[in-house]
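The values are calculated or read from the model by the stated rules, or taken from the named source; none is laboratory data. Note that the structure is predicted; figures quoted are calculated from it, not measured. Note that we place each Cβ from the backbone using ideal geometry, even for glycine, and neighbour counts take in every protein chain shown. What goes into the accessible areas is simple: the full protein's heavy atoms, side chains included, and nothing from ligands, DNA or RNA. Shrake-Rupley method; radii C 1.70, N 1.55, O 1.52, S 1.80 Å.
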Amino acid sequence: MKLQDKLINSFEKFGQSLSGSETDSLRKMRTEGIEVFKNLGFPTTKDEEWKYTSLNKCIKRDYDFGAEFSLDIRSEDVDRFLCTGIDSYKLVFVNGVFNASLSNTTQQDKFFVSNLKDAYEGNSELFNQYYGTIADKELSMVGLNTAYAQEGAFIHVKAGAVVDKLIQILYINSDSSRSMMNQARNLIIAEDRGEVQILERHQSLSDEYVFTNSVTEISVGNEANVKHFKVQNDIDTASLVDSTFVKQGTKSTALVDTFVFSGELTRNNLHFEFTGEHAEAHMDAITLLKGSSLVDHHTFVDHAVPNCQSFQMYKGIYDEKSKGVFNGKVMVRKDAQKTNAYQQNNNLLLSDFASIDTKPQLEIFADDVACSHGCTIGQLDEEALFYMQSRGIPLKEAKAFLMFAFAGDTLKNITIPELKEQLVNLVARELKVDLELN
Amino acid sequence: MTEEDKLLEEVTSAEYKYGFVTDIESDTIKNGLNEDVIRLISSKKNEPEWLLEWRLEGLKKFQQLVEPEWANVHYKKPDLQSISYYSAPKAKKTLNSLDEVDPELLKTFEKLGISLDEQKMLTGVAVDIIVDSVSVATSFKEKLGELGIIFCSISEAIQEHPELVRKYLGTVVPQSDNYYAALNSAVFTDGSFCYIPKGTRCPMELSTYFRINQAGTGQFERTLLIADKGSYVSYLEGCTAPSRDENQLHAAVVELIAMDEAEIKYSTVQNWYPGNKEGVGGVFNFVTKRGICHESAKISWTQVETGSAVTWKYPSCILKGDNSIGEFFSVAVTNNFQQADTGTKMIHIGKNTKSTIISKGIAAGESNSSYRGLVKIMKGAENARNFSQCDSLLMGDKSGSHTFPYIEVKNKTARIEHEATTSKIGEDQLFYCNQRGISTDAAIGLIVNGYCKDVLNQLPMEFAVEAQKLLSLSLEGSVG
């Protein structure tokens, strides 16, 4: 049976297994979600938004879902993928299920960090107020996620609160006997003037195929500040479709940084919407690919109100048979005067077999705006390489230095030193150079 | 009301100045599209069998295709069965001098400011005039004939140079290329044909004026331009249409072939009727233009688009030969309810191929202007180079500007640069001009002309003057 039919057919049974434990409103949402998925199916390359990225390979496989997976895991296996040397709150999910013993949650007056399922049981009012209201319900992958999602991170920051530590969300897939499909769902609420920083990572430990369909909803209140970092350094049998939706209030700041190093197929849908004026959105990404990995960054920034700013900086270095896609869309609606939208996409192709497809889009309906995008595809500057070689730096190091400098811009918004160091080291390792920056 | 608002008011209230109907008796066939109509067109034009076959093939392809909907334009689809596919003025059979041309027609051209006499005497431009699909006057033909240059209507070329037409027709834009190209292949009635022999530099600018005249007729011209090895030609195309309330369809196909080391410069000034202030009427301009460059050849498209209710046009270059060059320079002005979705495709296949794209969009009133372009670097295109710049200027807060650039790169040696900006005329710029005694009116003119300069500079002198006039007509009151 095709995966799509299997997902549609299994829904009823899944619903029955939950009956009694969930409210009617959540139940209704699930049913609506599966309806959307039933109508649209998995996106295909005929769909303009998926023109360059085919899910065919991923959806042809057979995945187990709903089955009981082994939950045993050693804490050493988990620690390797966490940002270490820093005190943090942790939410660890093993094969899609929250693992309390490996996690470090908190429930304080000012904020709490917990599993979505627990949060739902204790805070149904808050949950109902936000859950499913930020994500675009009309998308088939979101519909599918809404239908099946049960576990994920729930972070709530109350008005004026500042979360004192980094929050790390880690999804580990460890079952070595079966292919797995996951529906991860995160809900992050920062109320007015709240501040929080989050690191998210998906990681497979076995060679079995894993297909993760993740949806994250982030609500940023007035004058709040949310930073969300994503590290995508999974193995070659893991695919990820990540849809993140951010809704920003007046004078708020939101940042989503994405660092991609591997994975079979990674699709990042990033959707920003402004509901209040003077809000600021930042999107930065580094993509360093090898092998036959494919990464597709899709951003959509919706300037619906005046005086907001958005900045996008996407840098990509593609080697071997890897493929990169960038589609950045900035929409400035009629009344969104004084909008400032900037988008930059720079790419380096290192191999004859690598390719890049990029489509920076601007759709502008207001006249008093400053919107621009720039996009380049090229190679390292021969003269700069020659200059460095003439001063005794070997070609390989010279190249790595230049590439590091090329990608380095995107690290500027990271304010946690430990996290920055770890990411710098990851970039350096990918570029195979000892930068001796420590 | 501020000065600027007043100007915008004037801009948005500018009426189309070329709206008049020439009273010439026309020979029009019954509305509708089917095999019989195509056989009738073919027999009326006394065409050879192979061309009829080719047309029928086009009709077959057309019937398999559906009207494209991906463009960022919204309009009521034209009913292709209610169009007459052939309309020819009943002109005298042979014309040796201008005296023999219908005086009514000559008046039309005078109103357009392109009186043949004046053109002949003052500018030395050879003009091949097409009124409702049939070429009625050709000048300077003999002079060009001495150099071996063939410049005539495509119907004439079919009769007199069938081997050339047969060899190249449909090689750049095949019948099955797209919906409107297939339609054109089936029903084209006339157009221009040009052949420049090896090593010849065409001594004058070749020029064609198109007019849609008969009410309810669509125009389906087919232009075929072949520049043989090492030759050079500059070709001008200008279009106007009288005011009509119903939307008229214009689905032309232009094919350019630049052989090794040849250079073609193709300039268009388009001001088909854009519809009135309420957005009623106007021409649908669905044109397929494409050129192929062989080794070291160069094709340069320049267009100034000020007219049409809906424009859907992507002049493209296939850079097949090594070291070939493609260029695209465009100014698209939309006003009132006009919609334009225009841009280019640069397909790099050969090594060391280069392309440049400069696109300037100006949207005023409640119009929408889109740039849609593709830069594709194929695997074997070593050292390909592209530079693209698309700028948009918005006038008034009811207009919209969109950019949809597609960049696909499959070779690591490619160097691609793309940049786009959207802005309005800065208050500080206007203030600066005012401060130096330049009225707001003149200042806007200066700024818009400066903004479009990169493109206007590419036009041949005769056309640059006309293009500036057209810019002023379209944005009347805001361009000095």
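When only Cα pairs below 8 angstrom with a gap of at least 6 residues are kept, segment A:314-438 shows a relative contact order of 24 percent.
A cut-off under 13 angstrom between Cβ atoms defines the neighbours of B:G170, and their net charge, with Lys, Arg +1 and Asp, Glu -1, is +2.
In the protein assembly as shown, taking the dipole from charged Cβ atoms about the Cα centre, the farthest positive-side position among A:A366, A:G249, A:G378 is held by A:G378. Which links in A:K13/A:K117; B:K198/B:K354; A:K57/A:K290 stretch past 30 Å when you go from one Cα to the other? The pairs that break the limit, which is 30 Å between Cα atoms, do not exist here. Figure note: B:R290, B:R39 ranked by solvent-accessible area, largest first, 1.4 Å probe, ligands and nucleic acids not counted: B:R39, B:R290. Relative contact order, whole percent, for segment B:277-331 stands at 45, derived from Cα pairs under 8 Å and 6 or more residues apart. Relative contact order, whole percent, for chain A stands at 9, derived from Cα pairs under 8 Å and 6 or more residues apart. In this assembly, the A-B interface accounts for approximately 2800 Å² of buried accessible surface in total, computed with a 1.4 Å probe and without ligands, DNA or RNA.
Look at the stretch B:421-434: the mean tally of other chain Cβ atoms within 10 Å of its residues' Cβ atoms is 3.
Shown here: segment B:337-480, whose C-alpha atoms stretch 55, 33, 26 Å along the first, second and third principal axes, sorted largest to smallest. About its Cα centre, the dipole of the protein assembly as shown is roughly 1460 debye, where the only charges are +1 on Lys and Arg Cβ and -1 on Asp and Glu Cβ. For segment B:280-411, the fraction of alpha-carbon pairs lying more than 19 Å apart is 48 percent, rounded to a whole number.
Across segment B:443-451, computed HN-Hα scalar couplings (Karplus, 6.51 cos²θ - 1.76 cosθ + 1.60, θ = phi - 60°) run 5, 4, x, 4, 5, 5, 4, x, 4 Hz from first to last residue, x flagging Gly and Pro. Taken over the alpha carbons of chain A as equal point scatterers, the Debye sum produces base-10 log I(q)/I(0) values at 0.09 Å⁻¹ of -0.56. Listed by chain and number, the lysines placed with their C-alpha closer than 19 angstrom to that of A:K412 are A:K227, A:K230, A:K315, A:K420; residues fewer than eight positions away on the same chain are left out.
Past the 20 Å Cα-Cα mark, which pairs from A:K90/A:K432; B:K61/B:K265; A:K251/A:K359; B:K376/B:K410; B:K167/B:K320; A:K321/B:K376?
Numbers: A:K90/A:K432 30 Å; B:K61/B:K265 31 Å; A:K251/A:K359 29 Å; B:K376/B:K410 8 Å; B:K167/B:K320 18 Å; A:K321/B:K376 18 Å.
Correct reply: A:K90/A:K432; B:K61/B:K265; A:K251/A:K359.
Put the Cα centre of segment A:84-103 next to the Cα centre of segment B:245-318 and the gap is 60 Å.
Loop-located GluC sites (Glu not before Pro) in segment A:368-410 (DSSP state not H, G, I, E or B) with no more than 11 neighbouring Cβ atoms inside 10 Å do not occur.
The H on the amide N of B:A381, modeled in the peptide plane, is under 5 Å from the matching H of no residue at least 5 residues off or on a different chain.
Using only the Cα atoms of segment A:382-438, build the gyration tensor, take square roots of its eigenvalues as a ≥ b ≥ c, and label the shape rounded, prolate or oblate: rounded if a/c is under 1.5, else prolate if a/b is larger than b/c, else oblate. Numbers along the way, then the final one.
Numbers: a/c = 2.84, a/b = 2.09, b/c = 1.36.
Prolate shape, in that a/c is at least 1.5 and a/b is the bigger ratio.
Dividing the summed -39500 (n - 2.57) terms of all DSSP H runs of n ≥ 4 by the residue count of chain A sets its mean residue ellipticity at 222 nm at -7000 deg cm²/dmol.
For the protein assembly as shown, the square roots of the Cα gyration tensor eigenvalues, ordered a ≥ b ≥ c, give a/c of at least 1.5 with a/b greater than b/c, which places it in the prolate category. Positive-end ranking of A:F81, A:N56, A:I286 along the dipole of chain A, with charges on Cβ about the Cα centre, is headed by A:N56. Give the residue from B:I349, A:L170, B:Q458 lying farthest towards the positive end of the charge dipole for the protein assembly as shown; charges sit on Cβ (+1 for Lys and Arg, -1 for Asp and Glu) and the dipole is referred to the Cα centre. After comparing all options, I get B:I349. Which percent, to the nearest 5, of DSSP beta bridges fully inside the protein assembly as shown are antiparallel? For the protein assembly as shown, the DSSP antiparallel bridge percentage is about 10.
Magnitude of the charge dipole for segment A:382-438, about its Cα centre and with charges confined to Cβ atoms of Lys, Arg (+1) and Asp, Glu (-1), is about 60 debye.
Which whole-number value in Å² is the accessible area per residue of chain A, probe 1.4 Å? Walk me through the intermediate numbers first.
On the way: 17280 Å² over 438 residues.
Ligands and nucleic acids excluded, the figure is 39 Å² per residue.
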